[in-house]
Amino acid sequence: SVIGDAKVGYFNMTEPSGVIAAKKAGLSLPDDVVILHSMRRPWHTNCGLSSAAEDEKRLQQFGNCRNIWEKIWKMNVYVASGSGGARVRVGASKREDDHETDAYKAEWFVKVDTDTFLFPENVGRYVEARKWSHNDHHYFGHVLSHRKDTRGVSTVAGGAVFYSRATLLASAKIFENMPMDKGHKEEDGTCRDAYTGTEEMVTATCLKEHSNIIADPAIDPEGRELVSLYEVDDILGYNRTEQGEWWFWKNKKRFPCHDNGDCLAHLPLAFHHYKDAQDLIDLEKEFYGSVIKGENDKTLFRTNDGRVAARRWPKFDMTYKYFEKVRAALKVAEDADTQLLAMSKNSQPSHQNKNLSDHRLYCMVPFIWTPKYIPSYHGIHKTWGKRCDVLKFMIDPIVGDNETGYLDLRTSGKGYELPDDVVVLDIQRPWHVCPKEEGGVCRNIWEKVWRSWVWVDSHGGADLADWFVKVDADSYLFPENMKHYVIKRGWSPDDQHYFGHILKHRARDIVPIIAGAAVFFSRATFKAAANIFRRFDAVVEPWNDVTLRGHLKCQDAYTDQEEIVTAVCLKEHMRVDAYPLLDEMGQELVTIGEIEDVLLWNRTEQGEWWYWKNKPRKHPKTGKDMHQCCGDLPVAFHGYRDPQWFFKLENELYSEVSDDKGNGWKNYRWRHPVETNRYFGRVRMAMKDVSRRGS
């Protein structure tokens, strides 16, 4: 938190007076600088060693107190949680409801020293070649094992330390909870705050001790390092046989390149130990600037035989030869990236090349027109409903309630006005009086659902949309994520598709079912289903219930278990099975409960209750747990009977503020804020990324 030097003075940037004084001294901070708060050990004075003489000795040797570890662990905490630091921005402030932390603005992270030259694009190529996921634990770079005998761990050298998002988040949690009482003492091989410049050792110890995460060497198949620990010209001259097993080589697996001077990878991740800023500028010229572009740059070094370089590097012939290999490899990788992108576009089926606008979604909401539920109608309209291509609310002919009175629109509806997107169905069973329930609402959902689809088909629905969803009024829908889902899978609306959150807990029902929160159909399946439903005879037994009696048939019935009859009809007449709406990792994209609760469901801890019953436990390709909550591009959250939560979700995930009567949602809080906000950060980032890439 302290900036400056002995000449201009030292300024504490956590204090307003310090910020003002620093500005007067010409030390204004850029927007990408973060001030870490509550640093316990200053870098410029009172190093905290055993004596003032020792303090002065360290300051003279390093120019600072070398309290690197405290800075590193607080950096990780800030990136993961947004706490413990702040940017200094004039006139800017963080929105109170903005929960997105830097951890969800990227998938991979690197702690990189200021004397390191980084190749960020090669990081993506490396993790893709390793088929790594940022949702798994990865901690990698130039691995050193020379202190493994005494400390029990290998470390990643500090020049460039890479983490997956999962590991970054895990590290921050570990660091926040580690012991702080011995922070004035040097590290001792335990996971705690410490006064040390060997942050690599404590990082490795903490990750191994608490999460069993082990340093992974970033090397290519020939064993060549992707991170140069020192200047390139220095490393290229290393020879393991001639030098012997000094600390650099100790406990490293041996490769032929260790003895032939070709032990730096041609697609490097980083070069370390370039202390002079001009070194970084010249490396930029070599790989991204005037050297590789062949520009007429008078500052370049030229040899008599026509070779061009940013400068006369030490051991020039050897260094120039290696740089040429790097430039060639970068060009090949760039061409491969371009070719792969073109191939992926050209190899997709014609329907997969379409934009989101070519995959129109018809949103059908079974509804009851009564004062109790009308706020949900308006809430849907102002939030997720506006992203549907067609939105219809299908209601019973009976409207009103006990207080206002009931009105049958078929016989007494003259002059009663409804919005244009509300459809009155000719439902035979009234929702407000029924023989089996006393009071409340008759759960006659199945008749409403099948009559709704018949109405949609009879009124040209197939010409208005490509995909169809029956969505509950207490579900929050992501129409665009559903479109991304079908596009990514290359699905055509003219093929049979019936999908959503699959449930298999009722073995007697014969077929898996799609939970009613959000049930999706392709156009082909919707039309075929409507034709089946259209054949249903007039109601003979108005209050029969085929599901409760166990006689599973595709027919009209008095039941709220429309999921079962739908699945039976599609299987019996069309041989169409329910398909689980999961992401590539096998995680759910539709929740059947409120998202903040479902995030905490754990199969191992909860046991095999009905929600998990008969669902596959392990992903067939990755071997990891599946059907967990939730994928980063969700399609629906269910269970929000209070429509104010729709406004809350809209604000959280789309940064939109929709006014509603009372705006009560502004005072709503998540029951599990840490887990919920962490997940929402992932969702926001994924949606931004897919929007940027165009699916």
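The values are calculated or read from the model by the stated rules, or taken from the named source; none is laboratory data. Only a predicted model underlies this, so the values are computations on that prediction, with no experimental measurement involved. Methodologically, a virtual Cβ is constructed for each residue, glycine included, from the backbone with ideal geometry; neighbour enumeration extends over all protein chains shown. SASA here: full protein model, heavy atoms, side chains in, ligands and nucleic acids out. Shrake-Rupley method; radii C 1.70, N 1.55, O 1.52, S 1.80 Å.
Labels on offer are (1) 2, 12, 19, 20, 17, 12, 9, 6, 2, 0, 0; (2) 2, 9, 10, 9, 9, 8, 7, 8, 9, 9, 8, 5, 3, 2, 1, 0, 0; (3) 3, 15, 25, 25, 19, 10, 3, 0, 0, and the one holding P(r) over Cα pairs in 10 Å bins from 0, in percent computed from this structure is (1).
Can you give the accessible area of E594, probe radius 1.4 Å, in Å² rounded to 10? Counting only protein heavy atoms, the figure is 50 Å². With R₀ fixed at 51 Å, the C-beta to C-beta distance from E242 to R489 puts the FRET efficiency at about 0.35.
Extension gain, N212-N177: 0.36 nm per intervening residue step, less the Cα-Cα distance, totals 11.0 nm. Using a simple spin-label model with points 7 Å from Cα along the Cα→Cβ vector, what separation in nm is obtained for K250 and D401? So the label points at K250 and D401 sit 7.6 nm apart.
When the residues L267, L425 are ordered by accessible surface, computed with a 1.4 Å probe over the protein chains alone, the sequence from largest down reads L267, L425. With only Cα atoms counted, the range 74-203 has Rg and Dmax values of 16.2, 53 Å. In the structure shown, the pairs K131/K613; K71/K275; K105/K250; K470/K613; K275/K321; K613/K688 are assessed against 28 Å; a Cα-Cα span above that value is assigned to K131/K613; K105/K250; K613/K688. Partner lysines whose Cα lies under 18 Å from the Cα of K615, excluding those fewer than 8 positions away in the same chain, are identified as K504, K624. Distance between the C-alpha centres of the range 588-618 and the range 242-296: 48 Å, rounded to the whole angstrom. Taking a sphere under 15 Å around the Cβ of D259 and counting the other residues whose Cβ falls inside, with K and R at +1 and D and E at -1, yields a net charge of 0. Mind jotting down the distance between the C-alpha centroids of the range 112-142 and the range 1-21, whole Å? Value for the Cα centre distance between the two parts: 35 Å.
Excluding residues on the same chain fewer than 8 positions from K382, give the aspartates and glutamates whose Cα lies under 15 Å from its Cα. Correct list for K382: D421, D474, D642, E650, E652, E656, D659, D660. When R429, R147, R40 are compared by accessible area at a 1.4 angstrom probe, the order from most to least is R40, R147, R429. These residues, R125, R535, go from largest to smallest accessible area, 1.4 Å probe, as R535, R125. Think of it as helices only: each DSSP H run of n ≥ 4 in the chain is worth -39500 (n - 2.57), and spread over all residues that comes to -10000 deg cm²/dmol at 222 nm. Loop-resident trypsin sites (Lys or Arg not before Pro) (DSSP state other than H, G, I, E or B) in the range 596-695 with no more than 16 further Cβ atoms inside 10 Å of their Cβ: K613, R617, K621, K624, R641, R669, R671. Remark: the K666-E608 segment gains 17.2 nm on full extension, using 0.36 nm per residue and subtracting the alpha carbon distance. Between the alpha-carbon centres of the range 144-182 and the range 413-435 there is a gap of 64 Å.
Counting only protein heavy atoms and using a 1.4 Å probe, what share of the accessible area of the chain belongs to carbon plus sulfur, as a whole percent? Roughly 51 percent, rounded to a whole number.
Computed on the chain, with alpha-carbon pairs under 8 angstrom and 6+ residues apart, the relative contact order is 9 percent. Farthest towards the positive end of the charge dipole of the range 166-231, among the residues V227, T205, A172, is the Cα of A172, using unit charges on the Cβ of Lys, Arg, Asp and Glu.
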